[in-house]
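Trainee: Pasting a structure below so you can have a look.
The values are calculated or read from the model by the stated rules, or taken from the named source; none is laboratory data. Predicted model, so just to flag it, every value in this text is computed and none were measured. Backbone-built Cβ (ideal geometry, glycine too); neighbour counts: all protein chains shown. Each accessible area value is taken on the protein alone, full model and side chains, heavy atoms only, with ligands, DNA and RNA left out. Shrake-Rupley method; radii C 1.70, N 1.55, O 1.52, S 1.80 Å.
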Amino acid sequence: MLGSKPRVHLYILPCASQQVSTMGDRGASNHSEMTDFILGGFRVRPELHILLFLLFLFVYAMILLGNVGMMAIIMTDPRLNTPMYFFLGNLSFIDLFYSSVIAPKAIINFWSESKSISFAGCVAQLFLFALFIVTEGFLLAAMAYDRFIAICNPLLYSVQMSTRLCTQLVAGSYFCGCISSVIQTSMTFTLSFCASRAVDHFYCDSRPLQRLSCSDLFIHRMISFSLSCIIILPTIIVIIVSYMYIVSTVLKIHSIEGRKKAFSTCSSHLGVVSVLYGAVFFMYLTPDRFPELSKVASLCYSLVTPMLNHLIYSLRNKDVQEALKKLLEKKNISL
């Protein structure tokens with residue numbers, strides 16, 4: 001009896017293995033137990049929430065009124081039945097819908113105490129926003145190509161920019177947006193979220209969600225960077241090359257009026273491209289230690305850009321202005 005070995009370890013090992021197993025089960029099941037997220041929004045004093053609420057409400061009302069109005073004008077006026085306005089109508093549709101993915105929830109959260117969004121709602125928000133924002137990038141490249149054909153080959157414009165090609169370019173833009181969105185959303189929501197449920201943003205975006213993850217993000221970030229390069233570089237190259245040819249062609253025009261007319265057809269598109277890509281680059285080049293700057297940049301391209309796009313095209317486009325006057329005159333006569 002005195003020489004027998006203690007058997008305490010027989011009782012310790014099962015308990016330790018059970019504890020390790022329990023911890024492992026918790027870590028493995030953490031992702032599956034995530035049912036919702038908390039959208040932190042802007043870090044401002046409570047009294048400023050009313051100001052932000054009114055600002056968001058005003059911007060979203062302008063987006064609804066402007067983009068719905070632009071689509072109505074393009075569909076009702078036969079003179080606007082051209083490739084350029086076909087693309088512009090699709091641009092208004094995209095602006096309307098991707099802002100609607102963000103704005104209503106953000107407006108509600110200014111008055112909500114919980115500020116929560118369900119896991120499925122967060123997935124849908126990220127998927128739809130990524131779908132429409134990438135589609136818009138490719139659509140702007142298609143619009144640059146359209147301006148290139150219109151100015152550099154005006155005699156062949158109606159032949160080259162056929163209805164079939166325009167439809168294919170728009171469908172291709174949506175296809176690229178869908179593929180990109182599926183990859184980005186699936187990569188983001190296969191991460192393990194174990195840090196917190198609080199998303200430091202006013203909508204579900206990939207970067208704030210990555211900060212909640214305890215997974216190794218190296219491969220995820222490399223794939224995201226590669227995907228961004230595949231999306232951004234081709235669209236920017238198409239836009240830059242198109243405008244290089246456009247500028248070269250316009251400079252060969254001898255009359256000043258001819259040059260002004262040619263440049264006026266491109267100035268609106270350049271304005272839209274500058275606003276969108278400027279905000280996107282500003283957001284993705286902002287370090288993670290400055291989340292508030294990222295929110296401001298996100299606000300620019302998620303809400304400000306859709307509000308400005310139709311204003312840029314309507315204020316600088318005589319065809320749109322005349323069509324709007326004609327539509328308003330019809331309504332006055334009917335009244």
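Trainee: Would you be able to say whether some residue in the range 224-241 is loosely packed, with under 15 Cβ neighbours inside 10 Å, within 19 Å of Met84 (Cβ to Cβ) and among the hydroxyl-bearing types (Ser, Thr, Tyr)?
Mentor: Looking through the range 224-241, none of the residues is loosely packed, with under 15 Cβ neighbours inside 10 Å, within 19 Å of Met84 (Cβ to Cβ) and among the hydroxyl-bearing types (Ser, Thr, Tyr).
Trainee: Now for a different question. Yes or no: the range 160-183 includes at least one residue that is closer than 22 Å to Met84 by Cα, open to solvent by less than 20 Å² (accessible area, probe 1.4 Å), touching a Ser or Thr at 6+ places or on another chain (Cβ under 9 Å) and not in a helix (DSSP H, G or I).
Mentor: Scanning the range 160-183 turns up at least one residue that is closer than 22 Å to Met84 by Cα, open to solvent by less than 20 Å² (accessible area, probe 1.4 Å), touching a Ser or Thr at 6+ places or on another chain (Cβ under 9 Å) and not in a helix (DSSP H, G or I).
Trainee: Among the residues of the range 75-91, write down those that are open to solvent by less than 40 Å² (accessible area, probe 1.4 Å) and at pLDDT below 90.
Mentor: Scanning the range 75-91 gives Asp77, Leu80.
Trainee: Something else now. Output the residues belonging to the range 196-214 that are part of a loop (DSSP other than H, G, I, E, B), of a type outside the set (A, V, I, L, M, F, W, C) and farther than 17 Å from Leu293 by Cβ.
Mentor: Of everything in the range 196-214, those that are part of a loop (DSSP other than H, G, I, E, B), of a type outside the set (A, V, I, L, M, F, W, C) and farther than 17 Å from Leu293 by Cβ turn out to be Ser196, Arg197.
Trainee: Just to be sure, is Ile133 closer than 15 Å to Thr235 by Cα and open to solvent by 20 Å² or more (accessible area, probe 1.4 Å)?
Mentor: Judged against the criteria, Ile133 is a match.
Trainee: Any idea which of (1) over 27 Å from Ala262 (Cα atoms); (2) touching a His at 6+ places or on another chain (Cβ under 6 Å); (3) not β-branched (Val, Ile, Thr) is the one Met143 doesn't satisfy?
Mentor: It fails just one condition, (1).
Trainee: Which ones in the range 101-125 are under 21 Å from Thr188 (Cβ atoms) and either of a type outside the set (A, V, I, L, M) or in contact with a strand residue (DSSP E or B) (Cβ under 7 Å, 6 or more places away or on another chain) (or both)?
Mentor: Lys105, Asn109, Lys115, Ser116, Ile117, Ser118, Phe119, Gly121, Cys122, Gln125
Trainee: If we only count helices (runs of 4 or more DSSP H) wholly inside the range 227-335, which ones have 3 or more residues that are within 23 Å of Phe97 (Cβ to Cβ), in contact (Cβ under 8 Å) with a residue 40 or more places away in the chain and under 25 Å from the mean Cα position of the chain (by Cα)?
Mentor: Fully inside the range 227-335 and qualifying: 256-285, 291-299, 305-315.
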